[in-house]
Amino acid sequence: MKRWLVGAISAMALFAAARPAAAFLYVSGSDGRSGDLIAVWVKNGFELIVNVGAVDQVGLGTVTSFAVPAEFDGSLAGAKFTALAVPNADAIFSGLGIDPPLIQANIALTTLNDPTTITFNQVADAQSVLDTPVPGQTWFVLLGSIPAAGQTGVVSNTNTEALIETTLFASYTGNVGFTTDAIGNRVPVSTAVTIATGTPYAIPLYEVFQTVTPVNGDFEFGTDVMQLGVLTGDDGSSGNAILSLATPEPGSAVLGGVVVATLAWIARRRR
C-alpha cells in the first residue's frame, strides 16, 4: 500500500477515535428554521437535558418520553423543570431605514409568571446567555461540547439527550439557572416549575420578541409576546415520563401582535 494512503487512513482513524460515539446536537434558529427547544429536569445534583426539536414546530400531544434516570431515584418528584429556546438567532428589524439593520433579540421560555414584564433590554440580555448570531460560549453552544458518556460528570450523551452532573461546565445550573432560574438572572421571572409527587405539572411556553415602532420621528421600543401552548408532564413514577404540549387556555393563546405599553417597558430613541 502506498505510504500516503497509509497515512491518510491512519489520520482518519485517529479523527474518528477522538470523537465520541454520540454527542448532543443543537440547531440554532434562522429565518428558515426555528431554534431547538431545550428541556431540562434537575434533581439530586444531576440534569437530564433533552432536545425536543424546533420550537415553532413542536406539535401538540406527546413532545418526548423517556425512562426516569436512576439518579433521580425513580421519580421526577422534587425535580425542577424548565424549557428554553432562541427562535431566530439571526433575526433583524426591517423597514426602519437603519443601516446596518438592528438585531431583533428573541427568546422562548417557560414561566408561571407574566412574561410581558420582560423588558426590551432584558430580551437581548437573556438571548446572549443562550444563543447569539456570532458563536460564543453561550449555553446552547456548550451543550455540543459535552464529553462522551463515562467521562467525569457525564452519565449519558446522545444526539438528543444528555444526563450530566450539575457541576459539569455545560450544565444548566452553572450557566443559566443559578438560584433564580431567570436565564442567568437576566429576566424578572422564573422559568421553572417544581414537580410534585403524583401531581401532573404544567407550565406555559412563550416566545418573546423585541419590537421597534416608528412614532413621530422617534422609535418606540417594546416586546411582543405569544403563548405557544402549555407543557404538561407527570412525575414518571411508573418508570417512564411523558412531556406533552397542549393548546393554551381560551383567552390566553396569543398575546403577540399587540404591544401593550402599560405592560412593556417603553423607551424612545432619536433617529
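Quick notes on this one:
- Among the residues of the stretch 103-122, those that are within 20 Å of residue 31 (Cα to Cα) and surrounded by 22 or more Cβ atoms within 10 Å (Cβ to Cβ) comprise 105, 106, 107, 108, 109.
- Restricting 153, 136 to those that are out of contact with any Pro (no Cβ under 7 Å at 6 or more places or on another chain), over 30 Å from residue 216 (Cα atoms) and modelled with pLDDT under 95 reduces the list to 136.
- Residues of the stretch 92-126 that are modelled with pLDDT under 95 and either at negative phi or among the polar types (S, T, N, Q) (or both): 92, 93, 94, 96, 98, 99, 100, 101, 102, 103.
- Answer from 82, 116, 111 - the residue that is of a type outside the set (A, V, I, L, M, F, W, C) and more than 29 Å from residue 235 (Cβ to Cβ): 116
- Of the residues 115, 214, 204, the single one that is in contact with a Phe, Trp or Tyr (Cβ under 6 Å, 6 or more places away or on another chain) and either touching a residue at least 60 places away in the same chain (Cβ under 8 Å) or among the aliphatic types (A, V, I, L, M) (or both) is 115.
- Filter result for residue 80 (crowded, with 21+ Cβ neighbours inside 10 Å and among the basic types (Lys, Arg)): no
- In the stretch 151-174, the residues that are outside any loop (DSSP other than H, G, I, E, B), over 12 Å from the mean Cα position of the chain (by Cα) and under 16 Å from residue 50 (Cα atoms): 154, 155, 156, 157, 161, 162, 163, 164, 165, 173
- Check on residue 59, under 23 Å from residue 244 (Cβ atoms), in a loop (DSSP other than H, G, I, E, B) and over 20 Å from the mean Cα position of the chain (by Cα): no
- Residue count for the stretch 182-196 satisfying the condition of being under 16 Å from residue 232 (Cβ atoms), surrounded by fewer than 18 Cβ atoms within 10 Å (Cβ to Cβ) and of a type outside the set (Gly, Ala, Ser): 1.
- All positions within the stretch 62-92 that are in contact with a Lys or Arg (Cβ under 8 Å, 6 or more places away or on another chain) and part of a strand (DSSP E or B): 80
- So residue 240, is it in contact with a strand residue (DSSP E or B) (Cβ under 7 Å, 6 or more places away or on another chain), modelled with pLDDT of 95 or more, more than 18 Å from residue 55 (Cβ to Cβ) and surrounded by fewer than 19 Cβ atoms within 10 Å (Cβ to Cβ): yes
- When 148, 126, 108, 196 are checked against the criterion of being outside any loop (DSSP other than H, G, I, E, B), in contact (Cβ under 8 Å) with a residue 60 or more places away in the chain and out of contact with any helix residue (DSSP H, G or I) (no Cβ under 6 Å at 6 or more places or on another chain), a single residue qualifies: 126.
The values are calculated or read from the model by the stated rules, or taken from the named source; none is laboratory data. It should be emphasised that the depicted structure is a prediction, and the values quoted were computed from it without experimental measurement. Virtual Cβ from ideal backbone geometry, glycine too; neighbours counted across all protein chains shown.
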